[in-house]
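Chemist: Quick one: this structure, given as structure tokens, is what I'll be asking you about.
None of the figures in this text is laboratory data; all of them are computed from the coordinates on show. Computed from a predicted structure; not experimentally measured. Virtual Cβ from ideal backbone geometry, glycine too; neighbours counted across all protein chains shown.
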Amino acid sequence: MAGSCCAAALARLGLTIALIDPGPVPNWHPDDYQLRVSALNLASENILKSVDAWPLISTLRVSPFRQIEVWDAESTGQLTFNAADTGLSHLGHIVENIAVTSALIKRLSATKNVRLLLNDRIEHVDSGTEDLSVRLASGETIVATLLVGADGTASTVRQAAGIELDKRQYEHQAIIAHVVTEKLHQETARQRFLPTGPLATLPLSDGRSSIVWSATPELHDTLATLNDEAFAKSLTDALEGRLGHVRSVSPRRSFPLVRSHAQHYIGSRIALVGDAAHTPHPLAGLGANLGFVDAAALAETIEDAIVKGRDISDRAVLRRYERWRKGDNELVLTIMDVFYHAFGRQNPGMINLRELGLNVTDRVGLLKHFFVNRATGLAGDLPRLARSFST
């Protein structure tokens, strides 16, 4: 998602773009609701509108969320954010990842200065003094001014640049599924902090909810052995019945949770965006949003360099992008770590502190406004595309 968004943002500048991806054309299907979804905040929506992808995404399948509920299983601490309280119509949308990539690729395929090289992959990168060359598995060699690595946590581009990755495993496995519940989700995203890890539900457009259950290895292994009926019962209990009984569960998927951050975002004529540069804990659903802001920030950095007549791959130019995004992303990763550790500790002092923090934030308007701005992505040093959009 971050890579195709970055390509679309750069194409607006008149640059010649080649988008390389080992996969086929993403195929969104109306009868197949994909498990991998993202909670796109308002900043991401603005960016996607700016590259003319949001109008198509919104016709495929999206669900707005207008409220966020958070509560602690070990105390009476709870917190509610409501869009209407801050004059907003919504806080974001839940969207299938494939809907985003499908819309972006369709947008790029109609752009004259973009070449799509799908079902192909990078085999070798040579960063020379004048230009950079990329040899593909198909045998073709592309000569370019700049290579943007948006190729995920196992990034080939990052490795080619010799950039080290700080990486550590969270002691959680995530379980994802879609569920039918007795009560309506009421366009509300919910998260309960359990002693064994956070459990989130996200509202889907067909009335179901997507779940992301982060669990300790012991709990994950237990849940993995349950049939659908028993899993639904465990999920109903874990949510304290806030959505009533869980009536049915889709096929489930699991994956380990990893915290990673590249030591640098740039190399010689190379820049990293999205998961190639960072992966936070998913408890706040910020991973995809950080990638979109990376893409918009890199595009703005390059646009400003073009206006000034500078080489877009000059290290001093790319350093501006790195300084801009690396500190902001490190802050988010650190905050996610604080929440992960704070809600994972069960000593009485920490439980009391969590209870106080949630309840005070829920009652103090200024604090709430601060966190709403963070949740919607409308805080901090935003790139222009995140603040407004072209028509």
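Chemist: Give the distance, in whole Å, between the Cα centre of the range 69-108 and the Cα centre of the range 206-252.
Modeler: Going from one Cα centre to the other spans 20 Å.
Chemist: Any chance you could check the Cα centroid distance between the range 1-19 and the range 284-355 for me, in angstrom?
Modeler: Rounded to whole Å, the Cα centres lie 20 Å apart.
Chemist: Oh, and also: Just 83, 43, 189 to compare: in a GNM of the chain, with alpha carbon springs under 10 Å, which one fluctuates most?
Modeler: 83
Chemist: What range in the chain is the longest one free of GluC sites (Glu not before Pro) that are in a loop by DSSP and have at most 13 other Cβ atoms within 10 angstrom?
Modeler: By the stated rule (loop sites, at most 13 other Cβ atoms within 10 Å), 241-391.
Chemist: Take residue 268, project a point 7 Å from its Cα along the Cβ direction, then tell me which residues of the range 284-327 have their backbone nitrogen under 20 Å from it.
Modeler: 311-320, 322
Chemist: Additional query: For the range 238-299, what is the convex hull volume of its Cα atoms per residue in Å³? Could you put the intermediate results ahead of the total?
Modeler: Numbers: hull volume 8.7 nm³, N = 62.
Roughly 140 Å³ of hull volume per residue.
Chemist: Any idea what angle helix 287-307 forms with the longest principal axis of the chain, computed on alpha-carbon atoms, 0 to 90 degrees, nearest 10?
Modeler: 30 degrees
Chemist: I've got another one for you. Normalised by the number of residues in the chain, what is the relative contact order in percent for Cα pairs under 8 Å and 6+ residues apart?
Modeler: Here the relative contact order equals 23 percent.
Chemist: Among 367, 119, 179, flag the residue with its Cα farthest along the positive direction of the charge dipole of the chain, charges on Cβ as +1 for Lys/Arg and -1 for Asp/Glu.
Modeler: Result: 367, furthest along the dipole toward the positive end.
Chemist: A follow-up question, please. Quick check: the angle from helix 365-376's long axis to the longest principal axis of the chain, C-alpha only, nearest 10 degrees?
Modeler: 50 degrees
Chemist: Rounded if a/c is under 1.5, else prolate if a/b beats b/c, else oblate: with a ≥ b ≥ c from the C-alpha gyration tensor eigenvalues square-rooted, which is the range 183-234? Write out the running numbers ahead of the final one.
Modeler: Values: a/c = 2.84, a/b = 1.55, b/c = 1.84.
Taking the square roots of the gyration eigenvalues as a ≥ b ≥ c, the range 183-234 is oblate.
Chemist: In whole Å, what three semi-axes, largest first, describe the equivalent ellipsoid of the range 140-179 built from its Cα gyration tensor (square root of 5 times each eigenvalue)?
Modeler: In descending order, the three semi-axes are 31, 16, 7 Å.
Chemist: I've got another one for you. Cross-link partners among aspartates and glutamates for residue 368, C-alpha distance below 16 Å, same-chain residues fewer than 8 apart left out?
Modeler: Residue 368 reaches 69, 85, 355.
Chemist: Now a separate question. Of 124, 281, 220, which is the most mobile in a GNM of the chain whose springs link Cα atoms less than 10 angstrom apart?
Modeler: Of 124, 281, 220, the most mobile in the Gaussian network model is 124.
Chemist: Taking K and R as +1 and D and E as -1, what net charge do the other residues with C-beta under 13 Å from the C-beta of residue 285 add up to?
Modeler: +3
Chemist: Need the list of aspartates and glutamates near residue 167 for cross-linking: C-alpha distance under 17 angstrom, and skip anything on the same chain fewer than eight residues off.
Modeler: 151, 275, 330, 337
Chemist: Then there's this: What nm value, rounded to one decimal, do you get for the distance between residue 338 and residue 140 when each label is placed 7 Å out toward the C-beta?
Modeler: Simple spin-label model gives 4.7 nm for this pair.
Chemist: Normalising by the residue count of the range 265-391, find the relative contact order in percent from Cα pairs under 8 Å and 6+ residues apart. Mind dumping the intermediate values first?
Modeler: Details: 88 pairs, mean separation 34.9, N = 127.
For the range 265-391, the relative contact order is 27 percent.
Chemist: By the gyration tensor of its Cα atoms, with a ≥ b ≥ c the square roots of the eigenvalues, what is the shape of the range 308-373: rounded for a/c under 1.5, prolate for a/b over b/c, or oblate?
Modeler: Numbers: a/c = 7.39, a/b = 2.36, b/c = 3.13.
Oblate, since a/c reaches 1.5 and b/c is not below a/b.
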